[in-house]
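K.L.:
Handing you a structure now.
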Amino acid sequence: MESYEIVYDRAIYDIEENIKKELIELPEEKKINLNEIQTVESNLDAWDYCFALAIGLAGVAITSSKMFSQYLNDIHKAASGQKGDFSFFQEFLGDILKHKGDFIDKADKTFKNRFGKNAYGLFHRLLWGHDILALGKDNPFALMIKQKGWFGIIQAFRHLLADTMSKQGLPAPGSSFLDYIFTDETGKAYESNYLIKIAQNLSNEAFENKANAQEVYAHLATIRFQDITGGVVVRVLSEAYTRARKIEDKLRCVEFRFIAYAVSFFGEAVVGMIRQKGIPYINIPVATVMTKDFIQFCVIDSIETRKLYNTTDKIIKTDNEIIGKYEELSRMVPKHTSTEDFFESLNQTESKIDDLISFLGEYE
């Protein structure tokens, strides 16, 4: 049978070898790559910003083009039954959108306002028959059903679509709720709409007369096919870009579209301020989709952030459990920071065991 000294020496040797092996094979400290964090899929890169800017400017070019505006206005003229030097395509669309003689335009064969008085001709759409949200007798669908039966619903859509192609455009839904009555110096009552008053005041401030009130109103509170077209182009080009680059992250796609729409909206506003001496063009269709995308971006970002918080909380909880177990283990195991400390501890243990063996040997 081997003596205690031999068994002990062998055990000490094995322990020393294991310690050396463990110290050599310690894993390298993990390092955090900040570049990987900054290039997550949801983040826009330089190409995204460049193309979002370019697509937005393309929308500005379309919505502010005077040539395109005139082309669309000729389609409206053809649809209204007017004569002119129209192209084949303009005449074709004019026949499809024909609306001459519709009750939407005139009451009792003359331009009237919602109070039955003679309407301000330049703003006859605002004052009668073109507000799809109107609750009175001049609701466009009610008027066309009265004139042409249930087929009048289709005719109302055709008429309103054609009017978006005119230079003035179609009154924004809900415009009829801004009607008001005012009296002049003689006490005579008149009916009008606050949008007319706003447009006239802006025209007076910018041009020192009311002559430009109609143009100001056209780019202030109407739905224009030209503006819709610009928004559609921005959307189509944005979708084409994200598909070409195979971008599937929803947050990144929405953020890209929002930037493109914002460039288009504010770019058109700047063009208006240049042309109208400080009065911006307001693109209602683009403003609507831009707001929708901004809300969608906030919702998706909030969901992703909540998921990140939940994951972070789980990681912190797991870390705390690991730290607790480590601290518990640390209290049980001597703390050594180097090989020399380990060997010193072993030597002390060896000395104590020798003392114990000597002590026990005295009683053999």
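K.L.:
If you place +1 on the Cβ of every Lys and Arg, -1 on the Cβ of every Asp and Glu, and leave all else neutral, what size is the dipole of segment 210-321 about its Cα centre, to the nearest 20 Debye?
P.N.:
Numbers: 16 positive and 13 negative charges, 67 e Å.
Value, rounded to 20: 320 debye.
K.L.:
Given the pairs LYS66/LYS210; LYS106/LYS188; LYS66/LYS148; LYS106/LYS197, which are separated by over 32 angstrom at their Cα positions? Walk me through the numbers before you get to the answer.
P.N.:
On the way: LYS66/LYS210 22 Å; LYS106/LYS188 24 Å; LYS66/LYS148 36 Å; LYS106/LYS197 22 Å.
Exceeds cut-off: LYS66/LYS148.
K.L.:
OK, next. If you count, for each residue, the other Cβ atoms within 10 Å and average over each peptide, how do 319-326, 223-230 line up from highest to lowest?
P.N.:
Numbers: 319-326: 10.0, 223-230: 23.0.
Descending mean neighbour count gives 223-230, 319-326.
K.L.:
Hey, another quick one. So how much slack lies between LYS314 and VAL299, counting 0.36 nm per residue of separation and subtracting their Cα-Cα distance, in nm? Walk me through the numbers before you get to the answer.
P.N.:
Details: separation 15, 0.36 × 15 = 5.40 nm, distance 2.28 nm.
Gain on stretching LYS314 to VAL299: 3.1 nm.
K.L.:
Percent of accessible area on segment 141-290 owned by carbon and sulfur, 1.4 Å probe?
P.N.:
Values: 4580 of 7290 Å².
For segment 141-290, the apolar C and S fraction of the accessible surface comes to 63 percent.
K.L.:
Assign one of three labels to segment 55-208, namely rounded, prolate or oblate, based on the Cα gyration tensor with a ≥ b ≥ c the square roots of its eigenvalues; rounded applies when a/c is under 1.5, prolate when it is not and a/b is larger than b/c, and oblate otherwise. Mind showing how you got there, number by number?
P.N.:
On the way: a/c = 1.97, a/b = 1.20, b/c = 1.64.
Here segment 55-208 falls in the oblate category.
K.L.:
Further question: Is segment 158-197 rounded, prolate or oblate when judged by the Cα gyration tensor, a ≥ b ≥ c being the square roots of its eigenvalues, rounded requiring a/c under 1.5 and prolate requiring a/b larger than b/c? Don't skip to the answer; put the middle values down first.
P.N.:
Details: a/c = 3.70, a/b = 2.80, b/c = 1.32.
Judged from the Cα gyration tensor, segment 158-197 comes out prolate (a/c at least 1.5, a/b above b/c).
K.L.:
Given a Förster radius of 56 Å and the C-beta distance between PHE182 and ALA244 as r, what FRET efficiency does 1/(1 + (r/R0)^6) yield to the nearest 0.05?
P.N.:
0.50
K.L.:
Can you work out the FRET efficiency for the pair ILE274 and ALA46, with r the C-beta to C-beta distance and R0 = 30 Å, to the nearest 0.05? Mind dumping the intermediate values first?
P.N.:
On the way: r = 29 Å, r/R0 = 0.97.
It comes to 0.55.
K.L.:
How large is the accessible surface per residue of segment 177-225, computed with a 1.4 Å probe and reported in Å² as a whole number?
P.N.:
On the way: 2780 Å² over 49 residues.
It amounts to 57 Å² per residue over segment 177-225.
K.L.:
What's the magnitude of the charge dipole for segment 44-109 around its Cα centre, counting Lys and Arg as +1 and Asp and Glu as -1 at the beta-carbon? Answer in Debye, nearest 20. Walk me through the numbers before you get to the answer.
P.N.:
On the way: 7 positive and 9 negative charges, 77 e Å.
With Lys and Arg at +1 and Asp and Glu at -1, about 360 debye.
K.L.:
Given ASN209, GLY231, GLY187, which one lies farthest toward the positive end of the charge dipole of segment 159-248, if we put +1 on the Cβ of every Lys and Arg and -1 on the Cβ of every Asp and Glu?
P.N.:
GLY231
K.L.:
For a quick check of your reading of the filter: which trypsin sites (Lys or Arg not before Pro) in segment 40-98 sit in a DSSP loop and have no more than 15 other Cβ atoms within 10 Å?
P.N.:
Numbers: sites: LYS66, LYS77, LYS83, LYS98; in loops: LYS83, LYS98.
Answer by residue number: LYS83.
K.L.:
May I pose another question? Taking the Cα centre of segment 203-268 as origin and charging only Cβ (+1 Lys, Arg; -1 Asp, Glu), how large is the dipole, in debye to the nearest 20?
P.N.:
Numbers: 9 positive and 9 negative charges, 97 e Å.
Dipole size: approximately 460 debye.
The values are calculated or read from the model by the stated rules, or taken from the named source; none is laboratory data. Source: prediction; values computed, not measured. Here the Cβ is made from the backbone with ideal geometry for all residues, glycine too, and neighbour counts use every protein chain on show. All accessible areas refer to the heavy atoms of the entire protein, side chains included, with ligands and DNA or RNA removed. Shrake-Rupley method; radii C 1.70, N 1.55, O 1.52, S 1.80 Å.
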